[in-house]
Amino acid sequence: MKSTEANSHYRHLEKMSTLELLQNINEEDKKVPAAIEKAIPQIERLVEVTTDKLLSGGRLFYIGAGTSGRLGIVDASECPPTYGVPQDLVVGLIAGGDSAIRKAVEFAEDSWTQGWENLLAYEINDKDIVVGIAASGRTPYVIGALNECKKKNIATGCITCNTESALAAAADFPVEVIVGPEFVTGSTRMKAGTAQKLVLNMLSTSVMIKIGRVEDNKMVNMQLSNEKLIDRGVKMILAQKEMSYDAAKALLLDKGSVKKALDALN
């Protein structure tokens, strides 16, 4: 069944106790990892092509509407501080523009042309890859953008939670995570949103590792944007080299990253 269809297992939610609500939501959430596991071969193909694009000088674009668009923006915005990559290497676009991050923009997702126009503002080209995100798989803003990409020989992927969708048909590398109907009918911010977030984690983390932004299991290229991260960076250096905390911190701040600090010591 589709994520937007009614769930026959749960009726009259307003009559459930708080405990029943929480237990039932949790039971539905448990289905998400199993659904993702089935899609790992699709995710693998998307990771491989995305890695190739980034290593060849391209960029990764996420494009979506509503919850899907917000999730793409979250994932994109976390790549620079976590992995020290340029701000424009991973870009998140949402129907309705930045104001839609906080407040829904009515009918923004219904445009077949706006998604492509938003991509054009970034001078999109065939070095790049565009990943459309839509739980239903039928969002015009996203499908229209991917269709135009295909005309221009720009690689595309997608993350959707329905089978045989128009979005998957438009994507070169579709990822379909079939989580089934939601606890609250049509509320795809729930299981579908969780699934999309987990797939995005897998995609961006795997790609960043494969393009060399991680060593061992450490974020050696992270931005030193607060004291917590500076302290974490110092401890990474101390785990590799015998020196005082203050000396490691001074070196880290001078070099700007754990990787550069360790390279200076070798």
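The values are calculated or read from the model by the stated rules, or taken from the named source; none is laboratory data. Note that the coordinates shown come from a computational prediction; the quantities given were computed from them, not determined experimentally. Using ideal geometry, Cβ is built from the backbone for each residue, glycine included, and neighbour counts are taken over all protein chains shown.
Taking the listed residues L200, L262, L252, L224, the one that is modelled with pLDDT of 95 or more and either in a loop (DSSP other than H, G, I, E, B) or crowded, with 17+ Cβ neighbours inside 10 Å (or both) is L200, with no other qualifying. If you check G58 against the conditions, is it under 19 Å from K210 (Cα atoms), at pLDDT below 95 and surrounded by 15 or more Cβ atoms within 10 Å (Cβ to Cβ)? Considered against the rule, which asks whether it is under 19 Å from K210 (Cα atoms), at pLDDT below 95 and surrounded by 15 or more Cβ atoms within 10 Å (Cβ to Cβ), G58 comes out as no.
Within region 64-86, can one find any residue that is surrounded by fewer than 15 Cβ atoms within 10 Å (Cβ to Cβ) and over 14 Å from the mean Cα position of the chain (by Cα)? Yes.
Being within 29 Å of the chain's Cα centre (by Cα) and closer than 19 Å to E78 by Cβ is a property that V214 has.
Of the residues examined, T163 is one that is at pLDDT below 95 and either among the β-branched types (V, I, T) or touching a strand residue (DSSP E or B) at 6+ places or on another chain (Cβ under 6 Å) (or both).
Restricting the first member to region 244-258 and to residues that are without any contact (Cβ under 8 Å) to a residue 12 or more places away in the chain, and the second to residues that are surrounded by 13 or more Cβ atoms within 10 Å (Cβ to Cβ), the beta-carbon pairs closer than 8 Å and six or more apart or on different chains are Y245/V234; Y245/L238; D254/A261; K255/A261. Within region 117-135, the set of residues being buried (at least 23 other Cβ atoms within 10 Å of the Cβ) and among the small types (G, A, S) comprises G132, A134, A135. Scanning region 229-242 for any residue that is assigned to a loop (DSSP other than H, G, I, E, B) and within 17 Å of T67 (Cα to Cα) turns up nothing.
Taking the criterion of being over 19 Å from the mean Cα position of the chain (by Cα) and either of a type in the set (S, T, Y) or buried (at least 22 other Cβ atoms within 10 Å of the Cβ) (or both), the residues of region 155-174 that qualify are T163, S165. Could you list, in sequence order, all residues of region 83-127 that are out of contact with any Phe, Trp or Tyr (no Cβ under 8 Å at 6 or more places or on another chain) and aliphatic (A, V, I, L, M)? Once the filter is applied, which keeps residues that are out of contact with any Phe, Trp or Tyr (no Cβ under 8 Å at 6 or more places or on another chain) and aliphatic (A, V, I, L, M), region 83-127 yields V85, L89, I94, A100, I101, A104, V105, L120, A121. Counting only strands (runs of 3 or more DSSP E) that sit completely within region 99-176, those holding 1 or more residues that are closer than 26 Å to V207 by Cβ, in contact with a Pro (Cβ under 8 Å, 6 or more places away or on another chain) and free of Cβ contacts under 8 Å to residues at least 40 places away in the same chain correspond to 155-160.
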